[in-house]
Amino acid sequence: MNDTQLRRSPIMPTVDFSAEGIQHGFLRLPYSRDDSAWGSVMIPITVLKNGEGPTALLTGGNHGDEYEGPIALFDLAHTVRVQDVQGRVIIVPAMNYPAFLAGTRTSPIDKGNLNRSFPGRPDGTVTQKIADYFQQELLPLADIVLDFHSGGKTLDFLPFCAAHVLLDKTQEARSFELVEAFSAPYSVKMLEIDAVGMYDTAAEEMGKIFITTELGGGGTATAKSAGIAKRGVRNVLSKAGIFKGVVDLVQTQWLDMPDGDCFSFAEEAGLIEPLVDLGDAVRKGQVVALIHPVGRTGEAPIRISAKIDGLLCARHFPGLIKAGDCSAVVAVTI
Ligand code: CA
């Protein structure tokens, strides 16, 4: 095998990215296994193209237990008409499709966390092959990228759209414009705990206008959070000059995550008792949650305190917490 063959993705799309009109198909990823010797993972994809214009790449299910993105994108794929679009829209409602079908954050096949797998490998695990295909084939086609996230089973978020502070201030400003257009109740200048291997970073390093969301969590969606997602995707496409339909821009509250003091982590395991809820104002030093030791009675709880003034924008979701879990995130109103 020569280098070109080694670098080539095994994923075969059943759609033609340059064809006019609307196509519903698959990214077919060969996956040989016990119950299907020449089997495949069939990742659903829709491509809409109407003449010249920018390309939007829309993704959900990067983590398999986050649902607002898949809801908004499966909905968009079957409701949007090609005449509503100028340019091209590529829709992948469930990027890490095996994880999505399993209802888990990571893939049941290889335990791969897609959002820590970039740039991926064409000769790697199933999850690494998905990352590689986005890195090598889909991101280069895109002008703007919207990747939906929510908290999954272990976190819950205020509903927000977000982009990152970037070195390229033009790219950053265009990203924040699209965040504002999304019209989530909150808009965040987002700080990542661990940006290495993220799809976000891959897109931004390629110079793409990249925005993301956190729209709730707990491993489900609500009528409100799904509605925010469905409205937001159309608003973003409209702002980018791609969608010609009716949009619904609403006021958003901007929040900043200035540094690592936003995050609080549990140092002991136990039963977590929230003392404030999402959206509540907190002061520096305020106790936002208690962790009750559960090994025996008679023990005092451990306090989780806010390190900055702001409002609670994310929290640990399950009732039990482990050492090292992110327990609370505070963002600053701007
Ligand atoms: Ca996520």
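Just one of the numbered conditions (1) assigned by TED's automatic domain parsing to the domain that holds L191; (2) surrounded by fewer than 13 Cβ atoms within 10 Å (Cβ to Cβ); (3) free of Cβ contacts under 8 Å to residues at least 24 places away in the same chain is not true of V247: (2).
Conditions tested, residue by residue: (1) closer than 16 Å to A94 by Cα; (2) free of Cβ contacts under 8 Å to residues at least 12 places away in the same chain; (3) not in a helix (DSSP H, G or I); (4) not hydrophobic (A, V, I, L, M, F, W, C).
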| residue | (1), (2), (3), (4) |
| --- | --- |
| E192 | no, no, yes, yes |
| G207 | no, no, yes, yes |
| F210 | no, no, yes, no |
| A221 | yes, no, yes, no |
| S225 | no, no, no, yes |
| K230 | yes, no, no, yes |
| R234 | no, no, no, yes |
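Checking each residue in the range 186-213 for being at pLDDT 95 or above, more than 18 Å from T59 (Cα to Cα) and under 14 Å from the mean Cα position of the chain (by Cα) picks out only V188.
The single condition among (1) surrounded by fewer than 16 Cβ atoms within 10 Å (Cβ to Cβ); (2) outside the structural domain of A184 (by TED's automatic domain parsing); (3) over 20 Å from V330 (Cβ atoms) that A269 does not meet is (1). Filtered by the rule that a residue be of a type in the set (D, E, K, R), within 16 Å of the ligand (Cβ to nearest atom) and closer than 23 Å to G207 by Cβ, the range 102-158 gives R116, D147. Among the residues making up the range 189-214, those that are within 19 Å of L237 (Cα to Cα) and of a type in the set (V, I, T) are I209, I211, T212, T213. The combined condition, being in a loop (DSSP other than H, G, I, E, B), within 16 Å of the ligand (Cβ to nearest atom) and farther than 25 Å from Q253 by Cα, is fulfilled by G197. Somewhere in the range 167-183, is a residue on the phi > 0 side of the Ramachandran plot, away from the ligand (no atom under 14 Å from the Cβ) and either out of contact with any helix residue (DSSP H, G or I) (no Cβ under 9 Å at 6 or more places or on another chain) or hydroxyl-bearing (S, T, Y) (or both)? Taking every residue of the range 167-183 in turn, at least one turns out to be on the phi > 0 side of the Ramachandran plot, away from the ligand (no atom under 14 Å from the Cβ) and either out of contact with any helix residue (DSSP H, G or I) (no Cβ under 9 Å at 6 or more places or on another chain) or hydroxyl-bearing (S, T, Y) (or both). Going through (1) touching a residue at least 24 places away in the same chain (Cβ under 8 Å); (2) surrounded by fewer than 18 Cβ atoms within 10 Å (Cβ to Cβ) one by one, A289 falls short only on (2). Among residues of the range 138-167 that are touching a residue at least 40 places away in the same chain (Cβ under 8 Å) and aliphatic (A, V, I, L, M), those with a Cβ under 7 angstrom from a residue that is within 14 Å of the ligand (Cβ to nearest atom) and outside any strand (DSSP E or B), sequence gap 6+ or separate chain, pair up as L155/G217; L155/F317.
Taking strands (runs of 3 or more DSSP E) as the structural unit, no element lying wholly within the range 1-71 holds at least 1 residues that are of a type outside the set (D, E), closer than 29 Å to T213 by Cβ and not assigned by TED's automatic domain parsing to the domain that holds G219.
The values are calculated or read from the model by the stated rules, or taken from the named source; none is laboratory data. It should be emphasised that the depicted structure is a prediction, and the values quoted were computed from it without experimental measurement. Using ideal geometry, Cβ is built from the backbone for each residue, glycine included, and neighbour counts are taken over all protein chains shown.
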